[in-house]
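> Take this structure first; my questions come after.
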Amino acid sequence: MVDRLVNSELNTRRIASVESCFGSSGVPLAVPGRVLVGEGVLTKMCRKRPKSRQFFLFNDILVYGNIVIGKKKYNKQHIMPLEEVSLESIPDNQQYRNGWYIRTTTKSFVVYAATSTEKQEWMAHINKCVEDLLRKSGKKPVENHAAVWVPDAEASICMHCKKTQFTFVQRRHHCRNCGAVVCAACSSKKFLLPQQSGKALRVCDACYERLRHTPASGEPDPDTDATERSAGKLNASGADSSNDDDTDEDTASPAAEAHDEPRFYGDNSMSSAPDDSIGSATTTPATAANAPNNC
């Protein structure tokens, strides 16, 4: 179905609608061979709290943005190449449900769907697009990804020294290699992480020593995932590793809207969807029962 949508008039209109919703704040999305596979709203864990984000899945990229006006206007457009994307399901527990990790080389974070069915649909469609893209390009899956940051609310004291209490004066810092929340004294050094930036980034002292003695200097630490889990155990609530869209200017009260299931245009069941639905499908953020209790 996705292949049949390539260069179709319907697909062209759908992509144009997405571009218009981002306006001048976004970049052009229409390129030869690109297909809009699906769209909807997911609850994304940011550094300070979970927030609703509009997601658009294409056959080669994953795009998301802040909701300014639900179904009409979005800003702070982020584009993630699917060749770099890796997903990992998060088991449900008493606090968190319907979540999974989205990881790339430069940024990683956690998202939640409103229901388990929507989670399965999102993960299946994203994984299928990634598999098809890698098969056609002949490339291998990316093995090293940016660490998922532990949210500020998960750490009242430094996760390394276990002594420093975070206050208005004593700021929190995140290790860019493992994602742990640490104090200034425990993260006084920087290290070059080429996949994340061309500049040296703040890392905790433990990661600095480990990275410094890694034979291939500057490459991601193979023990990053283990460090990341042991430091914060991630608690299924990791925050955006880039921390570049954790703002409050985008709260457009989407929770007041009726719940709409995400729309996947590659499904045969969606092939006859009316044109007036293009670019307007949304899903309300996870309810209090689905979202983290530390909202």
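> Given 37 °C and 0.692 mPa s, how large is the Stokes-Einstein diffusion coefficient of region 38-84 in µm²/s, with Rh as the Kirkwood radius over Cα pairs?
Taking Rh from Cα pairs, D becomes 294 µm²/s.
> What whole-number value in Å² describes the accessible area per residue of region 102-194 for a 1.4 Å probe?
Each residue of region 102-194 exposes 48 Å² on average to a 1.4 Å probe.
> Students sometimes get this wrong: rank Ser187, Ser24 by accessible area, probe 1.4 Å, all chains present, largest first. Please list the in-between numbers first.
Values: Ser187 0, Ser24 125 Å².
In descending accessible area the options line up as Ser24, Ser187.
> Starting from region 96-179, pick out the chymotrypsin sites (Phe, Trp or Tyr not before Pro) whose DSSP state is loop and whose Cβ has at most 13 other Cβ atoms within 10 Å.
Qualifying residues, ordered by number: Phe168.
> Arrange the peptides 169-176, 58-65 so that the one whose residues have, on average, the most other Cβ atoms within 10 Å appears first. Please list the in-between numbers first.
Numbers: 169-176: 17.9, 58-65: 21.5.
So the order, starting with the most tightly packed, is 58-65, 169-176.
> Output the Cα-based Rg and Dmax of region 1-74 in Å, rounding Rg to one decimal and Dmax to a whole number.
For region 1-74, the Cα-based Rg and Dmax read 13.0, 42 Å.
> Mind scanning Lys51/Lys163; Lys51/Lys162; Lys48/Lys76; Lys107/Lys190; Lys76/Lys136 and naming the pairs with a C-alpha gap bigger than 22 Å?
Pairs exceeding 22 Å: Lys51/Lys163; Lys51/Lys162; Lys76/Lys136.
> Would you please state which residues of region 161-194 a label at Asn144 would reach in this model, taking the label point 7 Å out along Cα→Cβ and a backbone N cut-off of under 11 Å?
Within reach of a label on Asn144: 192-194.
> Okay, next question. So if R0 is 30 Å, what FRET efficiency would Phe168 and Asn93 give, r being the distance between their Cβ atoms, rounded to the nearest 0.05? Let's see the in-between values first.
Values: r = 32 Å, r/R0 = 1.06.
For Phe168 and Asn93, the calculated efficiency is 0.40.
> With each pseudo-label sitting 7 Å past Cα toward Cβ, what's the Arg4-Ile69 distance in nm, one decimal?
Taking the two extended label points, one gets 3.5 nm.
> May I ask you to list the trypsin sites (Lys or Arg not before Pro) in region 15-112 that are in a DSSP loop and have at most 11 other Cβ atoms within 10 Å of their Cβ? Please list the in-between numbers first.
Numbers: sites: Arg34, Lys44, Arg47, Lys48, Lys51, Arg53, Lys71, Lys72, Lys73, Lys76, Arg97, Arg103, Lys107; in loops: Arg34, Arg47, Lys48, Lys71, Lys72, Arg97, Lys107.
Answer in residue order: no site qualifies.
The values are calculated or read from the model by the stated rules, or taken from the named source; none is laboratory data. Just so it is clear, the model here is predicted, and its values are computed rather than measured. FYI the Cβ positions are ideal-geometry reconstructions off the backbone, even for glycines, and counts take in every protein chain you see. Each accessible area value is taken on the protein alone, full model and side chains, heavy atoms only, with ligands, DNA and RNA left out. Shrake-Rupley method; radii C 1.70, N 1.55, O 1.52, S 1.80 Å.
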